[in-house]
Structures are given as structure tokens and as C-alpha cells.
1. Quick check, is residue 119 modelled with pLDDT of 95 or more, hydrophobic (A, V, I, L, M, F, W, C) and within 30 Å of residue 194 (Cβ to Cβ)?
2. Could you tell me whether residue 239 is of a type in the set (Val, Ile, Thr), on the phi < 0 side of the Ramachandran plot and over 12 Å from the mean Cα position of the chain (by Cα)?
3. Among the residues of the range 288-320, what is the count of those that are in contact with a Cys (Cβ under 7 Å, 6 or more places away or on another chain) and not in a helix (DSSP H, G or I)?
4. Give the residue, chosen from 139, 155, that is among the β-branched types (Val, Ile, Thr), crowded, with 19+ Cβ neighbours inside 10 Å and within 16 Å of the chain's Cα centre (by Cα).
5. Tell me which residues, restricted to the range 278-330, are modelled with pLDDT of 85 or more and of a type in the set (S, T, N, Q).
6. Answer yes or no as to whether residue 100 is in contact with a Leu (Cβ under 6 Å, 6 or more places away or on another chain), hydroxyl-bearing (Ser, Thr, Tyr) and part of a helix (DSSP H, G or I).
7. For the range 124-176, name all the residues that are free of Cβ contacts under 8 Å to residues at least 24 places away in the same chain and in contact with a strand residue (DSSP E or B) (Cβ under 7 Å, 6 or more places away or on another chain).
8. Within the range 96-109, identify whether any single residue is among the basic types (Lys, Arg), surrounded by fewer than 13 Cβ atoms within 10 Å (Cβ to Cβ) and not assigned by TED's automatic domain parsing to the domain that holds residue 243, and answer yes or no.
Amino acid sequence: MLFRRKPTEPAKEPANPAKPEEKQGFFSRLRAKLNRGNSWLTYDLADLFRGRKIDAQILEELESRLLLADVGVEATESILSDLQKRVARNELQDVAALITALRDAIVDILAPCAQPLVIDRSRSPYVILVVGVNGSGKTTSIGKLARRLTDADYTVMLAAGDTFRAAAIEQLNVWAERSGSEFASQQAGADPGAVVFDALQSAKSRRTDILLADTAGRLHSQSHLMEELKKVKRVIQRVDPTAPHEVLLVLDANQGQNALSQAIQFNEAVGVTGLVLTKLDGTAKGGIVVAIARRLKLPIRFIGIGEQAEDFGEFDALAFATALVEGPKQ
């Protein structure tokens, strides 16, 4: 097994992972990138129905747009029902008021899920098991999270539990070098459980703060691979019965309703405790975040809006709803 450790540094108190100015910069990029072009929910709605009171035709148009954006039937019905009641009470006089009410309704769904990742320092190492399907951006998200954590003065080890692809091991090694993280791997084809088990033992002996364990991408419908994932979790618990302390599911927002199916099945298999939504830049399917929040109510830890490390940030319900509903800032 290969281990690498970054140079020893004096212990420091953890820094704030996201400073206010950094958050503001990320939210500005989110609004510029999410549903760019003419694909945001209320694009040209005010022009189409300028000067009109809200009626059935306007609500039907809004319903169609919500469904096309992958908000889903369940969440769309809930949102429309609330808006129809407010229209009936004459609380919404025009399209501008309707757009504001729509944004607020989406915030109400998302806000309970906007829960940042909190590292419990009493758990050492704090074990984060990262799961997801092929192509979801899982390994890249691990690398970006590792950089975020090392910038906050945590010591981090990356465990290359995706042993099916040599390229995945190499990619994770590159991210370990970029972030200054320790790295643990075995040869391609090794047993994933053994890799994670040995990495956890090493992280404990080195008193590493956080172990980020990659796993092989797998389709949620591949039952034998899901069983293997359960095995990895059991192996971790042989070293620390309280671990993994976080099971982070990475979902590609472009998958639309299929991402919801993935979330349901991964949650049933290994008990997902947090979500990362990736590839939100430019997608017309950003509403899937609302569908997932409405159905599963799982904490959404992070979202990704691009390839760069700074395009990875904590989820904010109001910022996301504003970008989804109102589009790029004019």
C-alpha cells in the first residue's frame, strides 16, 4: 500500500471554510451559470403576460415550466397549490408578485436541506464515505472537498477505494497532491474494502483529522455492486463502529429524475447523510434539486457549478432558488 504524508505543521484551530466574500463570489457565479441563456423558470414570463392579472393560463404555463425543469410532479403540485390559494386570496396581483412567491415557495422546500457539513473533532479520524454512479463527478468532488478541508487547516487522507479503474487512482493522487492531503492506495483490482480498511487504520495511527474514501462508481440498479458498497461500510465499522460519520452521495444534476431514483436507492442501501449536486452549470434541469429536497429531505452539503476548485461551494437555499427562478442577474 502506498501512503504519502504532507510535511508536519504546527497544529492550528480550524479556519472558517467559507468566508463571506468567498460565499458572495460563489453565489454570483451560481446565478451566472445555473440555467444560463433562456432556460430559467420565469424567462420572458413577465413579457408574455404583461399587464394581466394572474389567471389559469399563467398558472398552467408556470406548471409546464416547473415540470420541464425537473422540479417533479410532487413538488410542482405542492408549489402550484400554494400559489393558487394565494391568488384566490388576492395576495398576488401580477406576474412580478407571482415570481417572488414562486421563489419563496422553492426556498421553503430547500431551506430545511441547506445543512453544511460539520466535522465532529471528537471523531478522529472523521470518516467520509463518498458514493455515486459512474460519471457523476465523484472523484473530482472529493478532490475539491479535500482542498476545502485542508485550506481550513484539517489534515486529510484520501483513500483510493475505486480500484476498478487505474485512472481513478491516478486522478485521486493528483488531487491529493494539489490539496496537500495524504494518499492511500493499492494496485488496480485490489479489494476496495481492504483499501479503505488499511487507510482507516493508517489515518488513526497518524492522527489524521479526516479520511475521505472514494468508491467505485456504480449504477444504482446493479445490486451486486450495491452489496459490495454495503461491505465497504461494514469493514469501516470493524475499525470504528461509529463510522462512516458521513455518507456523501454525489449526483449529476443533468440526470434529472434519474438522479432522484439514484438518491432513493443509495439511501436505502447505505444510509446517505448528505448530498453533493454537480454539473449545475448550464443545465436546464436544476429543478431536480427541488424534487430531491421535497421527496427525501436529505441534507444538501455542496453544489458544483464548474470544473475549477472555486466552482464548488456550500448549498444556500435562497441563492439557489433565486438563480433557478430569476436567472442571471441583469
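1. On the way: modelled with pLDDT of 95 or more: yes; hydrophobic (A, V, I, L, M, F, W, C): yes; within 30 Å of residue 194 (Cβ to Cβ): yes.
So residue 119 passes the test.
2. Details: of a type in the set (Val, Ile, Thr): yes; on the phi < 0 side of the Ramachandran plot: yes; over 12 Å from the mean Cα position of the chain (by Cα): yes.
Considered against the rule, which asks whether it is of a type in the set (Val, Ile, Thr), on the phi < 0 side of the Ramachandran plot and over 12 Å from the mean Cα position of the chain (by Cα), residue 239 comes out as yes.
3. Pass one, the range 288-320, residues in contact with a Cys (Cβ under 7 Å, 6 or more places away or on another chain): 293, 297-300.
Adding the requirement that they be not in a helix (DSSP H, G or I) leaves 297-300.
Of the residues in the range 288-320, 4 are in contact with a Cys (Cβ under 7 Å, 6 or more places away or on another chain) and not in a helix (DSSP H, G or I).
4. Details: 155 fails: within 16 Å of the chain's Cα centre (by Cα).
The unique qualifying residue is 139.
5. Across the range 278-330, the qualifying residues are 278, 322.
6. Numbers: in contact with a Leu (Cβ under 6 Å, 6 or more places away or on another chain): no; hydroxyl-bearing (Ser, Thr, Tyr): yes; part of a helix (DSSP H, G or I): yes.
So residue 100 does not fit the description; no.
7. Residues of the range 124-176 that are free of Cβ contacts under 8 Å to residues at least 24 places away in the same chain, as a first pass: 166-167, 169-170, 173.
Hits for the range 124-176 are 169, 173.
8. Keep residues of the range 96-109 that are among the basic types (Lys, Arg), which gives 103.
Then keep just the ones that are surrounded by fewer than 13 Cβ atoms within 10 Å (Cβ to Cβ); that gives none.
So far as the range 96-109 goes, no, none of its residues is among the basic types (Lys, Arg), surrounded by fewer than 13 Cβ atoms within 10 Å (Cβ to Cβ) and not assigned by TED's automatic domain parsing to the domain that holds residue 243.
The values are calculated or read from the model by the stated rules, or taken from the named source; none is laboratory data. Since we're looking at a predicted model, the values are computed, not measured. Backbone-built Cβ (ideal geometry, glycine too); neighbour counts: all protein chains shown.
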